[in-house]
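Student: Let me give you the structure first, and then I'll get to my questions.
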Amino acid sequence: MKRLILVASPPASGKTYISKKLAKALKHVVYLDKDTLIVLSHQIFKVMNEEVNRSSDFFEEHIRNYEYDAVLALAMEALEYDDIVLINAPFTREIRDTDFIDNLKNQLIEKDARLTVVWVMTDIEVVKQRMIDRNSSRDTWKLANWDEYIQSVDFSIPSSVDNPEVIDDLLLFKNSNEDEYQTSLKEVVSILEKTH
């Protein structure tokens with residue numbers, strides 16, 4: 001059976017690093033990163049004479065959801081050609097939206113595919129330090145307005161995705177230090193390989 005893997009978490013939790021390592025550890029994987037679409041989003045900001053701010057109302061209204069629509073459309077297309085598609089994207093709201101998840105699962109059934117969410121768990125202090133270390137323009141507003149930003153982010157496990165009778169619908173990947181990362185990588189790859 002085919003599989004769509006969403007590697008999800010708040011920004012700077014280590015999603016990209018983990019996504020790439022998982023994609024390399026598994027076989028027959030198409031890797032998609034929502035950040036690849038940022039070049040298009042920046043062009044929209046530019047054309048509309050808006051400040052590049054991925055936390056702004058403008059971004060929310062005119063860009064955010066379309067980035068997700070685009071990367072999911074690419075994923076559905078890719079499932080026609082390979083066994084596993086892995087998307088690296090926050091999906092912070094979507095995976096808590098039962099209608100969104102149900103709709104996605106129904107689309108996947110038509111492709112004879114199943115959904116797995118890999119939720120990356122990282123301590124908030126570690127997230128902040130990673131943002132500082134990566135020194136990216138997408139984090140400028142977040143770091144400058146840290147208290148306001150962090151109030152808007154939900155770090156809790158998206159348990160609504162989890163059916164206790166299904167071993168591979170929600171996999172937790174702990175990533176606050178190297179030991180957690182190594183242990184989680186082995187566990188997650190093992191479960192994905194067993195259930196493939």
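Student: Could you give every pair whose Cβ atoms fall below 7 Å, whose first residue belongs to the stretch 178-196 and is over 22 Å from Lys2 (Cβ atoms), and whose second residue is part of a helix (DSSP H, G or I) and among the polar types (S, T, N, Q), counting only separations of at least 6 or pairs across chains?
Tutor: Going by the 7 Å Cβ cut-off, there are no qualifying pairs.
Student: Identify the residue in the stretch 17-49 that is surrounded by fewer than 18 Cβ atoms within 10 Å (Cβ to Cβ) and among the polar types (S, T, N, Q) and, among all such residues, is nearest to Gln107 (Cα to Cα).
Tutor: Residue satisfying both the conditions and the ranking: Thr36.
Student: Just wondering, is there one or more residues in the stretch 130-140 that are surrounded by 13 or more Cβ atoms within 10 Å (Cβ to Cβ), touching a residue at least 12 places away in the same chain (Cβ under 8 Å) and of a type in the set (S, T, N, Q)?
Tutor: There is no residue in the stretch 130-140 that is surrounded by 13 or more Cβ atoms within 10 Å (Cβ to Cβ), touching a residue at least 12 places away in the same chain (Cβ under 8 Å) and of a type in the set (S, T, N, Q).
Student: Could you grab me the full set of residues in the stretch 83-108 that are within 13 Å of the chain's Cα centre (by Cα) and either at positive phi or in a loop (DSSP other than H, G, I, E, B) (or both)?
Tutor: Ala89, Pro90, Phe91, Thr92, Arg93
Student: Quick one: which of Phe173, Phe155 is at pLDDT 95 or above, under 22 Å from Asp35 (Cβ atoms) and not polar (S, T, N, Q)?
Tutor: Every option except Phe173 fails the conditions.
Student: Checking Asp69 against (1) surrounded by 18 or more Cβ atoms within 10 Å (Cβ to Cβ); (2) within 23 Å of Ala23 (Cβ to Cβ), which test does it fail?
Tutor: Failing condition for Asp69: (1).
Student: Could we say that Ala89 is touching an Asp or Glu at 6+ places or on another chain (Cβ under 8 Å), surrounded by 14 or more Cβ atoms within 10 Å (Cβ to Cβ) and among the small types (Gly, Ala, Ser) here?
Tutor: Working: touching an Asp or Glu at 6+ places or on another chain (Cβ under 8 Å): yes; surrounded by 14 or more Cβ atoms within 10 Å (Cβ to Cβ): yes; among the small types (Gly, Ala, Ser): yes.
So Ala89 fits the description; yes.
Student: Only residues that are out of contact with any Phe, Trp or Tyr (no Cβ under 6 Å at 6 or more places or on another chain), in contact (Cβ under 8 Å) with a residue 24 or more places away in the chain and over 22 Å from Phe59 (Cβ atoms): list them for the stretch 21-39, please.
Tutor: Lys21, Leu22, Ala25, Leu26, Lys27, His28, Val29, Val30, Tyr31
Student: Residues Glu180, Glu165: which one is over 24 Å from Ile84 (Cα atoms) and among the acidic types (Asp, Glu)?
Tutor: Glu180
Student: Working only within the stretch 20-52, note down all residues that are assigned to a loop (DSSP other than H, G, I, E, B) and either of a type in the set (Val, Ile, Thr) or farther than 28 Å from Val117 by Cβ (or both).
Tutor: Passing the criteria: Met48, Asn49, Glu50, Glu51, Val52.
Student: If you don't mind, another one. Any idea how many residues of the stretch 158-196 are surrounded by 14 or more Cβ atoms within 10 Å (Cβ to Cβ) and under 26 Å from Ser55 (Cβ atoms)?
Tutor: The total comes to 5.
Student: Go through the stretch 70-82 and report how many residues are part of a helix (DSSP H, G or I) and either within 13 Å of Lys2 (Cβ to Cβ) or modelled with pLDDT under 95 (or both).
Tutor: 4
The values are calculated or read from the model by the stated rules, or taken from the named source; none is laboratory data. Just so it is clear, the model here is predicted, and its values are computed rather than measured. Because the Cβ atoms are built from the backbone with ideal geometry, glycine has one as well, and the counts that use them run over all protein chains shown.
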